[in-house]
Amino acid sequence: MREEWLPAPAFAAIAGVTSRSASRVLSLAFDGRPWRGSELAVRKVRGRGRGGWAYEVRADSLPEELREVALAARSPAPAPVSAAPRPPASVPSAAAAIDKPSPVARWRYEVIEPILQCPRSSKERAQAIEEAARVVRDHPGGRRRRLGKSTLRRWIDAYERDGMAGLRRKAPANRGQDRVAISRAWDAAVPFDAEAKARIAEVVRKDVRSLWAANTSWGWRQIARAAGDKLAKETVATGFDPGARRLQAICRLSRHFVERGRRYRAKAIHDQDCKRYADRSMPRISRCREGRKPMEIVIGDVHHLDILLRRDDGSTYTPKLIAWLDWATNRVFGYPVFLPKGQGVRQGHVIEAFVAMVEDPRWGMPDTLYLDNGGEYNWAELIDDAMQLSSRMRLLDGDPEFASSVRARRSAIVRSLPYNAAAKSIEGAFATLEAGAFSTLPGWIGGNRMRKKTANVGKEPAPYPGDEHAFRRSLNVALDWYDTQPQEGFLGGHSPRQAFAAFVEGGWERAHIDPDVLRVIFSRPEGRTIRQGRISFAGASYTAPALWPLPADTRVEIRVPLIGDRRELCVLDAGGEFLCMAEPETPYDALDPAGAREAARRRRVAEAAYRDMGRDIDPVDMEARVAEVVSREEPAPIPERGNVIGMGERLENIAAASRLSRTDRPATRATGEEGTRSGRAEWQRGTDRYLDQGDELPAARRQGTNKRLLAAVIKLGEEGWWD
């Protein structure tokens, strides 16, 4: 494309913008601002505007798509009112176009601006240069100077060739490079070569970086002092020691040298100040809330209120606030907790706050809970199934925008990372509440516990004047103030209540759950054994008529409430079915007739239950039933005899002797004295026969062992053991 300059109206027509916008774009481009990613070459010429000046843009500097449009609709450029300066031969460099013109470049342009309006190589321009050379001007550097004609001509040629970039001072060739190793004083004083200086400089720079990364409180002065001492040690160790006073003077580090390592302070903050890092330095992402509906995501947290209350014993304390924030509307539900001295927020407190939110007609059951990892939130898994059921019911009602998120997640409980308060938007709500509504309540001590807000200097802050009930009312008023306060950001100037009302008017409905079901959900199962119609729990006995007929040692399951009182326990049978609600048993005095009447009543109830059982059964003869069942079974088989197991010679001899005595014994035994004499005679005859057979026995059996055994057997027979 032939080099040509387009006025603002032509540029507006090509770019598809208004004339006013075109003038604005060219004005910013004249100051070095890029437009649509391109650096436009812009100049000022005499025009018909109110100031007598107009902007023109060089056509070949336009973006590629506009350059093609300009080529298609190219026409001779309108001549300016007066002769324009010679168009630049090339586009200024990208770095020069991006940077804004320096004060020196602007001052030079103001000096040559009247000369540029005169035609080139004309007497008017030569005369204008003569007049400009005679003027003493104030330089941006602060001094006054008179410019030579050659200087003015050089500036004019540079502007006509490169625009404003030609009027800038040229950067030195060694720009960005260190001109000294440490400092001018140290470089000039030490007699080291360049290699030694560079080595020492690198050691000191590393020490500066290490000092920045070692602590979070030191400033550049303390680091310069410590690093200067390191420099002095390296200087002496390398071979130059001019004395302590001189050494301290030449080893003093400048702020510029020390500040170059400041970025390493980030490591010190990361390693030593977790809260500061998490609040101000940790890289984060932005999350949008568009498309969310009330109660889809509810964020829970515990906040320590900066409001003093007084206990009955006169001591002061600050209550806790268990809060729930609706992600879609920024509403906050607050539940205050008043704790005795030395106690903290427990699991039961958070469950009570959750139940209070669910039972509130403006809130209901949430779909997802975003909670901390603290132990006070370990109950959340108990309600997980109920919340997922609520989400799927909404899915069945035809909420397609919520469908993908419901199917994708495995749980309705989302846990935040430990010590990651900034990730929860409820922290911002707490800050707004403390600075706004809470600060109006009596007893507010401010966010800094060490610098409490007091009415009089030197005195303790006055606590809240009312009791807990009055404080609840005041807290609800403060939460209403927050709820009706317009907020910027995603609410767009609407209050949380207005945002919630818009959803309700659009047909949003809350998810309801039976309060009794909640109390069953928030209970802990424990096994128990029935003894005499009673079960024990926490050192007390609980009973109910349904337990009286049950046999002893019957196993049941009780549901221990995690919230509320424990005056009743839900009892389930072994199959998990509801059995009864057991109440604490009332003990009776030993002589109280009411105890006997109650015992008789329980027996009557049990007997009635047994009679009812008898109507549903048939009499059973257990002996006959067992015999009948056994008779249908196959008899046990008798296997063939296999190998004979030997247990040793001694035991086999004993078994043989006992077997012989059984075979020689008479079939019938006589009675009285005659029987005794007859038995002894038979025993003696059997013994004699056994001794007579001794010669026929193997040699191994005629050993002393058999003789001693036989003698023992004979002695036992003589004593009457075999009668």
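The values are calculated or read from the model by the stated rules, or taken from the named source; none is laboratory data. Quick caveat: nothing in here was measured; it's all calculated off a predicted structure. With ideal geometry, Cβ positions are generated from the backbone for all residues, glycine too; neighbour counts draw on all protein chains shown. Surface accessibility is based on the protein's heavy atoms, side chains included, excluding ligands, DNA and RNA. Shrake-Rupley method; radii C 1.70, N 1.55, O 1.52, S 1.80 Å.
For the range 459-518, the candidate set comprises residues that are open to solvent by 90 Å² or more (accessible area, probe 1.4 Å) and hydrophobic (A, V, I, L, M, F, W, C); within that set, the residue that is nearest to V560 (Cα to Cα) is V477. Checked against (1) modelled with pLDDT of 90 or more; (2) surrounded by fewer than 18 Cβ atoms within 10 Å (Cβ to Cβ); (3) within 56 Å of the chain's Cα centre (by Cα), A171 meets all criteria but (1).
Reported count of residues in the range 208-233, each being more than 13 Å from I250 (Cα to Cα), surrounded by 14 or more Cβ atoms within 10 Å (Cβ to Cβ) and either of a type in the set (D, E, K, R) or touching a residue at least 60 places away in the same chain (Cβ under 8 Å) (or both), is 2. Between E296, E290, E259, the distinction of being without any contact (Cβ under 8 Å) to a residue 60 or more places away in the chain and acidic (D, E) belongs to E259 only.
Residues are listed down the side, and each one gets a yes or a no for (1) over 20 Å from the mean Cα position of the chain (by Cα); (2) at pLDDT below 90:
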| site | (1), (2) |
| --- | --- |
| R292 | yes, yes |
| E296 | no, yes |
| V302 | no, yes |
| D306 | yes, yes |
| R311 | yes, yes |
| D326 | no, no |
| V332 | yes, no |
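Taking every residue in the range 600-613 that is in contact (Cβ under 8 Å) with a residue 12 or more places away in the chain and pairing it with any residue that is open to solvent by 30 Å² or more (accessible area, probe 1.4 Å) and part of a helix (DSSP H, G or I), at least 6 positions away or on another chain, the pairs with Cβ-Cβ distances below 6 Å are V605/P545. Does F537 satisfy being aromatic (F, W, Y), open to solvent by 60 Å² or more (accessible area, probe 1.4 Å) and under 29 Å from F354 (Cα atoms)? So F537 does not fit the description; no. Please go through the range 299-315 and give me each residue that is under 24 Å from E434 (Cα atoms) and without any contact (Cβ under 8 Å) to a residue 60 or more places away in the chain, ordered by number. Hits for the range 299-315 are H304, R311, S315. When R143, R153 are screened for being open to solvent by 50 Å² or more (accessible area, probe 1.4 Å), out of contact with any Cys (no Cβ under 8 Å at 6 or more places or on another chain) and touching a residue at least 12 places away in the same chain (Cβ under 8 Å), only R153 passes.
Only one of the numbered conditions (1) at pLDDT 85 or above; (2) polar (S, T, N, Q); (3) within 20 Å of W508 (Cβ to Cβ) is not met by T316, and that is (3). Among the residues of the range 438-467, those identified as part of a loop (DSSP other than H, G, I, E, B), under 16 Å from L321 (Cβ atoms) and either in contact with a strand residue (DSSP E or B) (Cβ under 8 Å, 6 or more places away or on another chain) or at pLDDT 85 or above (or both) are L441, G443, I445, Y464. Residue selection: V350 satisfies the criterion of being under 26 Å from P515 (Cβ atoms), outside any strand (DSSP E or B), open to solvent by less than 10 Å² (accessible area, probe 1.4 Å) and modelled with pLDDT under 90. Quick one: R265 ticks every box in (1) under 36 Å from the mean Cα position of the chain (by Cα); (2) of a type in the set (K, R); (3) open to solvent by 80 Å² or more (accessible area, probe 1.4 Å) except a single one, so which number is it? Here R265 clears every test but (3). The set of residues from the range 573-599 being without any contact (Cβ under 8 Å) to a residue 24 or more places away in the chain, within 24 Å of S523 (Cβ to Cβ) and open to solvent by less than 50 Å² (accessible area, probe 1.4 Å) comprises just one member, G576. Filtered by the rule that a residue be more than 22 Å from the chain's Cα centre (by Cα) and of a type outside the set (G, A, S), the range 268-279 gives no residues.
Every condition in (1) part of a loop (DSSP other than H, G, I, E, B); (2) without any contact (Cβ under 8 Å) to a residue 60 or more places away in the chain is met by R265 except one, and the failing one is (1). Considering the conditions (1) assigned to a strand (DSSP E or B); (2) exposed (fewer than 13 other Cβ atoms within 10 Å of the Cβ); (3) at pLDDT below 85, G527 is excluded by exactly one of them, (3). Please tell me if V258 is within 40 Å of the chain's Cα centre (by Cα) and over 30 Å from A158 (Cα atoms). Taking the combined requirement at face value, the residue satisfies it. With respect to the conditions (1) farther than 30 Å from D367 by Cα; (2) in a helix (DSSP H, G or I); (3) of a type in the set (D, E); (4) open to solvent by 40 Å² or more (accessible area, probe 1.4 Å), D279 falls short on a single one, namely (1).
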